[in-house]
1. Identify all residues within the stretch 250-265 that are assigned to a strand (DSSP E or B) and surrounded by fewer than 20 Cβ atoms within 10 Å (Cβ to Cβ); write none if there are none.
2. Considering only the stretch 276-299, I want to know if a residue exists there that is small (Gly, Ala, Ser), open to solvent by 20 Å² or more (accessible area, probe 1.4 Å) and within 30 Å of residue 67 (Cα to Cα).
3. Is it the case, given these coordinates, that residue 372 is of a type outside the set (Val, Ile, Thr), assigned by the TED database to the domain that holds residue 263, surrounded by 21 or more Cβ atoms within 10 Å (Cβ to Cβ) and touching a residue at least 40 places away in the same chain (Cβ under 8 Å)?
4. Looking at the stretch 347-360 only, could you name the residues that are among the small types (Gly, Ala, Ser) and in a strand (DSSP E or B)?
5. Which count do you get for residues in the stretch 55-96 that are in a loop (DSSP other than H, G, I, E, B), more than 22 Å from residue 447 (Cβ to Cβ) and touching a residue at least 60 places away in the same chain (Cβ under 8 Å)?
6. Would you check if residue 413 is of a type outside the set (Lys, Arg) and either open to solvent by 40 Å² or more (accessible area, probe 1.4 Å) or without any contact (Cβ under 8 Å) to a residue 60 or more places away in the chain (or both)?
7. Residue under question is residue 401, and the condition is that it be open to solvent by 40 Å² or more (accessible area, probe 1.4 Å), under 26 Å from residue 430 (Cα atoms) and within 25 Å of the chain's Cα centre (by Cα); does it hold?
8. Is it the case, given these coordinates, that residue 347 is at pLDDT 90 or above, among the basic types (Lys, Arg) and surrounded by 14 or more Cβ atoms within 10 Å (Cβ to Cβ)?
Amino acid sequence: LPSMQTSSSKPCPCPSFKLREVASMYFTMIAVFLVILVVALQGSAPRGTYFPYKVPLDPQGLLELSWNVSYPEQAVYFQILNRDLKFGLLFGMSDRGEFENADLAVLWSDGHSSYFGDAWSDAKGHLHMDSQQDYQLLGAQSAPEGLYILFRRAFSTCDPKDYLIEDGTVHLIYGILEKPVHSLQAINISAIHRGLQRVQLLKPNITIPELPSNMKTMEITVPNVVIPSQETTYWCYMAELPDSFPKHHIVMYEPVITAGNEALVHHMEVFQCTAEFDSIPRYNGPCDSKMKPDQLNYCRHVLAAWAMGAQAFYYPEEAGLAFGGPGSSRYLRLEVHYHNPLVFKGRRDSSGIRLYYTASLRRYDAGIMELGLVYTPVMAVPPGEAAFVLTGYCTDKCTQRALPAAGIRIFASQLHTHLAGRKVVTVLSRDGRERQVVNADGHYSPHFQEIRMLKEVVAVFPGDELITACTYNTEDRSQVTVGGFGIMEEMCVNYVHYYPQTQLELCKSAVDPGYLHRYFNLVNRFNDEEVCTCPQVSVPQQFSSIPWNTFNRDVLKSLYSFAPISMHCNKSSAVRFPGEWEKQPLPSITKTLREPVPHCPPAPGPHPAVSVPLKLGKIKR
């Protein structure tokens with residue numbers, strides 16, 4: 001294994017190992033020197049370390065990342081399996097998967113010697129050794145399947161060049177060095193094979209509830225389909241519950257991935273159809289096909305959602321998600337997103353989701369409630385915006401009307417926007433004071449959406465407010481983006497999973513249409529170009545005719561921050577609860593939550609700004 005040099009220690013002679021299969025007599029030596037290396041680096045993995053979370057980094061599956069989270073240490077332990085190491089690799093994190101301004105761990109070789117170090121890239125993509133070495137190498141080991149590299153990284157290092165690991169989506173980046181390089185600075189990241197993978201690194205530390213003994217399983221999978229030879233495909237498949245299927249509770253679900261397709265199946269969802277249709281045609285094909293029956297568009301009630309890197313989803317032991325029985329549709333739609341950037345041909349797949357359910361109903365039915373903005377064009381984002389915020393409200397008046405006196409308990413959440421979404425956060429407010437973040441994702445990606453179990457259950461009582469804010473980036477757009485169902489339109493939604501189920505299925509808002517009309521009139525008065533505000537002209541057309549100068553942008557932002565709202569406090573039948581819901585005042589927030597201050601743990605030892613030399617033996621060519 002590697003020798004190590006620091007400014008305060010002498011070189012430590014350690015045996016080398018080859019990237020190919022090493023002879024069995026070396027494994028004992030490797031194990032011994034792994035311990036020496038770990039001690040020398042003054043960092044250690046927890047006793048009995050295992051890596052419960054796993055994801056392929058590249059489409060071919062040559063790089064496999066496994067990790068574990070230590071909340072007591074505020075650190076993540078990473079393990080990378082490289083099945084075909086050539087002259088090194090880059091692994092790291094950045095804001096949205098860019099290779100510029102990235103935080104990186106780098107393993108590289110000049111063909112004779114190999115090195116490991118903590119590095120960062122500047123705005124031009126040039127690599128630099130970090131003055132503070134926070135990726136702590138813990139060991140490396142060769143095995144028949146490839147080279148394992150184990151290292152540790154604290155959530156927060158307070159190094160301005162380092163990425164802050166926090167809740168929500170993390171954009172992981174990787175690069176493969178196929179030629180020898182003589183120094184870190186000689187690596188040209190624009191010329192290497194590279195890519196990104198999105199994961200939720202900080203998984204919640206939740207105790208798995210005990211499952212019922214009479215639990216049954218149901219697999220909803222695509223029937224041995226041929227994955228289309230294109231980069232992105234959404235595949236739809238209709239499944240049916242048995243006739244007269246009685247009410248059951250789903251207590252758990254997990255993915256079923258066809259072996260060999262782990263890097264191609266990006267995410268999956270199971271939807272239940274509306275009960276208003278007695279029958280829905282069978283379908284098995286692309287979701288965007290003209291042959292897809294229109295009735296499939298009415299299958300939107302989420303039963304299960306999985307994304308790459310997620311594990312099994314468990315309901316709290318006191319609740320289950322009801323399906324089957326009177327008033328429940330027999331028809332389910334499975335949607336599978338295939339990500340096939342290498343355009344593999346002829347690959348067959350039978351992936352899907354396995355539901356675990358029981359006829360022994362739990363104490364509570366779980367429910368799903370929509371928070372955020374109504375799907376309407378009155379909420380719009382001007383073009384060329386770097387961070388434009390739209391906010392949706394579930395007001396105290398609605399929760400007072402619709403929630404039981406004992407309140408509800410939110411245990412999971414799925415955030416949702418379309419392509420311009422960059423951040424989403426929902427905050428619980430009580431008596432005008434923000435009390436708790438329900439769910440937040442500061443690096444949100446519309447390409448990575450999953451139902452996430454919350455670290456702690458959130459109690460919501462009558463009179464509470466749930467405020468959902470979405471941040472959008474439209475710098476690449478020349479036209480205004482309005483709210484709506486189209487992929488180039490926008491949404492701002494948080495699907496919260498809670499118990500006990502209530503009649504409240506949708507608690508969302510939009511700006512009052514009358515005040516928006518006043519905005520259009522104001523724009524007309526102060527601009528040379530006339531904006532048509534005729535009643536027969538649609539809201540999207542009126543927005544499209546606006547010249548987006550600084551004044552018009554600022555006034556729209558101001559409008560959304562003070563104008564009254566139209567509240568949608570809806571039952572599952574899409575009918576509003578009785579009450580006055582138009583021209584409602586915005587919630588008054590007198591105290592906001594403090595921004596969390598990153599914790600800077602004391603360094604476990606000296607980590608000078610030099611790479612760690614490794615002797616890896618012969619390198620594959």
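1. Initially, the stretch 250-265 is screened for residues assigned to a strand (DSSP E or B), giving 250-256, 265.
Within the stretch 250-265, 254, 256 meet the criteria.
2. The answer is no; no qualifying residue exists.
3. Details: of a type outside the set (Val, Ile, Thr): yes; assigned by the TED database to the domain that holds residue 263: no; surrounded by 21 or more Cβ atoms within 10 Å (Cβ to Cβ): yes; touching a residue at least 40 places away in the same chain (Cβ under 8 Å): yes.
In short, no.
4. The answer is 352, and nothing else.
5. Looking only at that region, the number is 8.
6. It is false that residue 413 is of a type outside the set (Lys, Arg) and either open to solvent by 40 Å² or more (accessible area, probe 1.4 Å) or without any contact (Cβ under 8 Å) to a residue 60 or more places away in the chain (or both).
7. Numbers: open to solvent by 40 Å² or more (accessible area, probe 1.4 Å): yes; under 26 Å from residue 430 (Cα atoms): yes; within 25 Å of the chain's Cα centre (by Cα): no.
So residue 401 fails the test.
8. Values: at pLDDT 90 or above: yes; among the basic types (Lys, Arg): yes; surrounded by 14 or more Cβ atoms within 10 Å (Cβ to Cβ): yes.
Criteria met by residue 347.
The values are calculated or read from the model by the stated rules, or taken from the named source; none is laboratory data. Treat the numbers as computed from the prediction; the structure is a model and nothing was measured. Note: ideal-geometry Cβ built from the backbone for every residue, glycine included; neighbour counts use all protein chains shown. In case anyone asks, the SASA skips ligands and DNA or RNA and just uses the protein heavy atoms, side chains included. Shrake-Rupley method; radii C 1.70, N 1.55, O 1.52, S 1.80 Å.
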